[in-house]
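Inspection log for the structure reproduced underneath, given as structure tokens.
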Amino acid sequence: MHPTLAFIGGGNMASAILGGLRRAGRPADAFLVVEPFESQRARLHAEFGVTALAAPDPRLADASMVIWAVKPQLFAEAAAPAAPWIAQALHLSVMAGIRSASLVQAAGTERVVRSMPNTPALIGQGIAGLYARDAVTELDRAEVDAVLAPTGRTVWVEREDDLDAVTALSGSGPAYFFYVVEAMIQAGLDLGLHETQARELALATCGGAAALALQSGEPVSTLRERVTSKGGTTHAALESLRADGVGEAVQRAVRAAAARAAELGRAG
């Protein structure tokens, strides 16, 4: 059987996609991975049973989709030796900052989709923003959705510049969440809880609140108001957050991330 999916790079995000597809039943010989590091190649073969190459070779020409998963700064170095064999494929990038025009030039085709995933993809709970060039067909989009399905949800955007907002909101978003949870845990410790208690309470609360919001479909503001009684404990906490300008600070942080994403994109 010829490989149908080829990965350029075999790191965490490639492993998340590859592992999800293997668990979903795709056979090991449907994949080909180009990974220069020997230890990583050995891990990919041991964990997933796939063929992992040290460098591109003509077998890439059999792939119907090429997934770019190298570090952005290594993209040009990785693309040059792969170029002779990849123009026939649909291309999906999970690299941050590399614009689709650069992928078109490197791959020799306009069938390019850019994706901005996030780290919960590693446990199948991620969400990825996607942008497609005009040459990408509806069938191509469906195939991209199918490939990314084991990693979580997908959201398509119409403008490539919107991926900067996606990067700022969901790509970087897990770090904002962890930052807030760290502060909640520390507050619990300061109030006398043990670390394991504070961690479990903070994480279960945040995870449960997110699950409730996803299931209810109601505005998040409505859910917040239902927890907040005038003069109660939640009201006191929210008034403190408002006084400290926390909402505005979060919005400034997301805008700063979006500006940096745009800057990196121009550089790439």
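The values are calculated or read from the model by the stated rules, or taken from the named source; none is laboratory data. None of the values given here were measured: they were computed from a predicted structure. With ideal geometry, Cβ positions are generated from the backbone for all residues, glycine too; neighbour counts draw on all protein chains shown.
Residue count for segment 131-173 under the criterion of being farther than 23 Å from Gln88 by Cα, out of contact with any Gly (no Cβ under 9 Å at 6 or more places or on another chain) and in contact (Cβ under 8 Å) with a residue 40 or more places away in the chain: the result is 3. Scanning segment 82-97 for residues that are farther than 14 Å from Glu110 by Cα and either of a type in the set (Phe, Trp, Tyr) or crowded, with 19+ Cβ neighbours inside 10 Å (or both) returns Ala82, Trp85, Val94, Met95, Ala96, Gly97. Checking each residue in segment 143-197 for being closer than 25 Å to Leu18 by Cα and in contact with a Lys or Arg (Cβ under 8 Å, 6 or more places away or on another chain) picks out Pro150, Trp156, Leu163. Taken over segment 212-225, the criterion of being more than 19 Å from Gly247 (Cα to Cα) and not small (Gly, Ala, Ser) is satisfied by Leu212, Leu214, Gln215, Glu218. The single condition among (1) surrounded by 19 or more Cβ atoms within 10 Å (Cβ to Cβ); (2) more than 24 Å from Ala267 (Cβ to Cβ); (3) free of Cβ contacts under 8 Å to residues at least 60 places away in the same chain that Gln125 does not satisfy is (1). Can you name the residue in segment 128-162 that is at pLDDT 95 or above and polar (S, T, N, Q) and is also surrounded by the most Cβ atoms within 10 Å (Cβ to Cβ) among such residues? It comes out as Thr154.
For segment 192-208, residues that are surrounded by 15 or more Cβ atoms within 10 Å (Cβ to Cβ) and more than 26 Å from Gly126 (Cα to Cα) total 1.
Determine the pairs where a residue that is at pLDDT 90 or above, located within segment 256-268, has a partner that is part of a loop (DSSP other than H, G, I, E, B) with Cβ atoms under 6 Å apart, the partner being 6 or more residues away or on another chain. Short answer, once both residue conditions are applied: Ala257/Ser172. Name the residue that is surrounded by the most Cβ atoms within 10 Å (Cβ to Cβ), counting only residues in segment 55-69 that are out of contact with any Phe, Trp or Tyr (no Cβ under 9 Å at 6 or more places or on another chain) and part of a loop (DSSP other than H, G, I, E, B). Top of the filtered list is Ser64.
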